[in-house]
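Read the structure below first, then the notes.
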Amino acid sequence: MRASALQQAFLYAGVILTCAILIFPIYWLVVTALSQPDQLRQLPPNFWPAEPRWGVFAKIFEERPILLWLGNSALAAIGAVSISMVVSVLAGYSLSRFRVRGGESLGLFILTAKMLPATLLVIPLFGIFRTFGLIGSMWSVIFAHATLIIPFTTWMLKGYFDTIPRELEQAAMVDGCSPLGALFRVILPVSAPGLAATALYGFVLSWSDYAYARTFLTSAQGNWTANLGITTMKGEYISNWADISAASILVALPILLIYLFFERYLVGGLTAGSDK
């Protein structure tokens, strides 16, 4: 009993330590945003600012087109996820259900493409987009994000479709459905939790991107995404880190709310495969 209690104490201590490490950057970001700029240079730093600057968020909305940036980020993410889900559903289902020569190698190739760093694809994508006149357009970011999202979502959906019994679509085909009809009428409704989790992951990937937006959106700030807009708040010699932190909180808040709202779908999508 004593050994069991000691192990439980170590387990709780490890959980508390891990949570503290994960939460500390968020806490420090909030403290930095609410502190006066001159207070950030004080040592030791304050645990909490004596007079929090709650008005800093309204100041950011007044001085920066943050809503426009957030809208551009949402547009890029929704467009990229829409394209990615259409391609990934068809590709993942084909890899799961159809046995063709080289199918396993193709699956590994798709997974390998996910392992490539995003910066490795910047130069070839820039050349392609410049040829088609897409540089400076939101379409360049949407297509670039789709290339980043599709490899992983295809592999993820392929594994999810593998857990769905083939008898479901076979029964649908007996009733007169075509293979494509069985996919849309039977398989996709059953796969709703997995589709939601996959789409949410792709949305986060697109929302958090900076490299592609910085490379392809070279025009005026009307097309900037939120992450690109925040970088313009950094001065050449002096940077107001309190305002930058406040803007970062505003940019992170939508994705946090989406996670909280779709948490049950995310957990269900990631674990449903083991229940089938």
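The values are calculated or read from the model by the stated rules, or taken from the named source; none is laboratory data. Note that the structure is predicted; figures quoted are calculated from it, not measured. No Cβ is skipped: glycine too gets one built from the backbone with ideal geometry, and neighbour counts run over all protein chains shown. Only protein heavy atoms, including side chains, enter the accessible area calculation; ligands, DNA and RNA are left aside. Shrake-Rupley method; radii C 1.70, N 1.55, O 1.52, S 1.80 Å.
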Residue set Val86, Val100; condition modelled with pLDDT of 90 or more, loosely packed, with under 14 Cβ neighbours inside 10 Å and closer than 20 Å to Trp155 by Cβ; output residue Val86
Among the candidates Ile249, Ile258, which residue alone is open to solvent by 30 Å² or more (accessible area, probe 1.4 Å), closer than 22 Å to Leu75 by Cβ, β-branched (Val, Ile, Thr) and modelled with pLDDT under 85? Ile258
Of all residues in the range 166-180, which are small (Gly, Ala, Ser) and in contact with a helix residue (DSSP H, G or I) (Cβ under 7 Å, 6 or more places away or on another chain)? Ala172
Residues being assigned to a loop (DSSP other than H, G, I, E, B) and in contact (Cβ under 8 Å) with a residue 12 or more places away in the chain: count how many of those fall in the range 48-88. 8
Number of the condition not met by Ile187 [criteria: (1) more than 23 Å from the chain's Cα centre (by Cα); (2) exposed (fewer than 15 other Cβ atoms within 10 Å of the Cβ); (3) among the hydrophobic types (A, V, I, L, M, F, W, C)]: (2)
Kindly list the number of the only condition in (1) open to solvent by 90 Å² or more (accessible area, probe 1.4 Å); (2) not in a helix (DSSP H, G or I) that fails for Pro45. (1)
If you scan the range 128-160, which residues turn out to be touching a residue at least 40 places away in the same chain (Cβ under 8 Å), part of a loop (DSSP other than H, G, I, E, B) and open to solvent by 20 Å² or more (accessible area, probe 1.4 Å)? Leu134, Ile135, Ser137
Of the residues in the range 145-162, those that are over 17 Å from Tyr201 (Cβ atoms) and modelled with pLDDT of 85 or more come to none
